[in-house]
Amino acid sequence: HSDISDQYWERFKKASDLVYKPCADFFDQRHQTRQSNLQQRQQIVEQLRELQESTDWDNSPDYRAIQASLYSISDHFATIKDVERKEGQQQWKQFVKHKDAIMARLDVVYSANLELKQQLIKQTSALAEAEVKEENLNALKSLQNRWKQVGITRRNQDQKAWTEFKKQGDLVYNRVQELRQGQRDETDQQLNAYRNIIKQIQQLARSATELAAADQQFSALQEQYSALPELPRQLPEKL
């Protein structure tokens, strides 16, 4: 301490105030911005509170719409980050309180809907192991329509359930396709048997020289033709 320090203090104080003024302006602007952000976030908190309190949870609300609103509100809240620390923490607690209350409602629905999808998976698996019939495809289509009608589930659980459901559905579909292919192969064999006799008749018509012998051979071919299994009705009758 000395007299010289008192002499230069006013100059030093004036200079330091000039240096600090941009900082003061910055902090003042930041405070205003943070207060504005707090107001915006409080509006979002009120939206969430309104969603929680105004929803008629006891009368089957539109859970898909509620889920979409919750995600949208949460995403909007997360984009506003620069707020005063203490007030921001208190605001965050309010937000989490309302969000947790909504999620508790949704969790019940998620679990119930997941159970419905698990039941559909079991039914599809049983269909895949059952006797292969054409009707299985109609049953599979019915199960697929019911799957689409099930409400919301947790995304990761839904993806796992869908993978298993599709796997069992593919088994049902592929086995029916194998059945159809086998039926087509069998029909082709029947048609070839018919066509083979027709070719022999055509060959006989071209090569026959004695009427009695040709008549005898033709009768034999007629008997073979008549003994063949009956063709499916939908096949052309030109044979």
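Of all the listed residues (142, 207, 125), the sole one being at pLDDT below 90 and hydroxyl-bearing (Ser, Thr, Tyr) is 207. If I ask for residues that are among the aliphatic types (A, V, I, L, M), within 23 Å of residue 103 (Cα to Cα) and touching a residue at least 40 places away in the same chain (Cβ under 8 Å), which ones from the stretch 137-190 would you list? 152, 161 - these are the residues of the stretch 137-190 that are among the aliphatic types (A, V, I, L, M), within 23 Å of residue 103 (Cα to Cα) and touching a residue at least 40 places away in the same chain (Cβ under 8 Å).
Test residue 214 against the criterion of being among the small types (Gly, Ala, Ser), assigned to a helix (DSSP H, G or I) and surrounded by 13 or more Cβ atoms within 10 Å (Cβ to Cβ), and give yes or no. Yes: the conditions hold for residue 214. Please tell me if residue 171 is over 30 Å from residue 106 (Cα atoms) and at pLDDT 95 or above. Yes. Is there a residue being in contact (Cβ under 8 Å) with a residue 12 or more places away in the chain, open to solvent by 50 Å² or more (accessible area, probe 1.4 Å) and not in a helix (DSSP H, G or I) anywhere in the stretch 82-90? There is at least one residue in the stretch 82-90 that is in contact (Cβ under 8 Å) with a residue 12 or more places away in the chain, open to solvent by 50 Å² or more (accessible area, probe 1.4 Å) and not in a helix (DSSP H, G or I). Number of residues in the stretch 210-239 that are modelled with pLDDT under 80 and over 22 Å from residue 190 (Cβ atoms): the value is 0. Within the stretch 20-59, if we keep just the residues that are out of contact with any Lys or Arg (no Cβ under 7 Å at 6 or more places or on another chain) and not in a helix (DSSP H, G or I), the residue that is most open to solvent (accessible area, probe 1.4 Å) turns out to be 58.
Considering 177, 118, the condition of being part of a helix (DSSP H, G or I), in contact with a helix residue (DSSP H, G or I) (Cβ under 8 Å, 6 or more places away or on another chain) and on the phi < 0 side of the Ramachandran plot is satisfied by 118 alone. Annotation: residue 79 fulfils all but one of (1) closer than 16 Å to residue 100 by Cα; (2) open to solvent by 40 Å² or more (accessible area, probe 1.4 Å); the unmet one is (1). Condition (residue is over 19 Å from the mean Cα position of the chain (by Cα), open to solvent by less than 90 Å² (accessible area, probe 1.4 Å), within 30 Å of residue 36 (Cα to Cα) and not basic (Lys, Arg)) applied to the stretch 168-178: is it met by at least one residue? For the stretch 168-178, residues over 19 Å from the mean Cα position of the chain (by Cα), open to solvent by less than 90 Å² (accessible area, probe 1.4 Å), within 30 Å of residue 36 (Cα to Cα) and not basic (Lys, Arg): absent. The single condition among (1) under 30 Å from residue 180 (Cα atoms); (2) open to solvent by less than 80 Å² (accessible area, probe 1.4 Å); (3) within 25 Å of the chain's Cα centre (by Cα); (4) free of Cβ contacts under 8 Å to residues at least 40 places away in the same chain that residue 72 does not meet is (1).
Conditions tested, residue by residue: (1) of a type outside the set (Lys, Arg); (2) part of a helix (DSSP H, G or I); (3) more than 18 Å from residue 63 (Cα to Cα).
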position	(1), (2), (3)
111	yes, yes, no
125	yes, yes, yes
133	no, no, yes
152	yes, no, no
157	yes, yes, no
161	yes, yes, yes
164	yes, yes, yes
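Do we have residue 192 as modelled with pLDDT under 95, of a type outside the set (A, V, I, L, M) and surrounded by fewer than 13 Cβ atoms within 10 Å (Cβ to Cβ) here? So residue 192 passes the test.
The values are calculated or read from the model by the stated rules, or taken from the named source; none is laboratory data. Computed from a prediction, not measured in an experiment: that's the story for all the values here. Methodologically, a virtual Cβ is constructed for each residue, glycine included, from the backbone with ideal geometry; neighbour enumeration extends over all protein chains shown. What goes into the accessible areas is simple: the full protein's heavy atoms, side chains included, and nothing from ligands, DNA or RNA. Shrake-Rupley method; radii C 1.70, N 1.55, O 1.52, S 1.80 Å.
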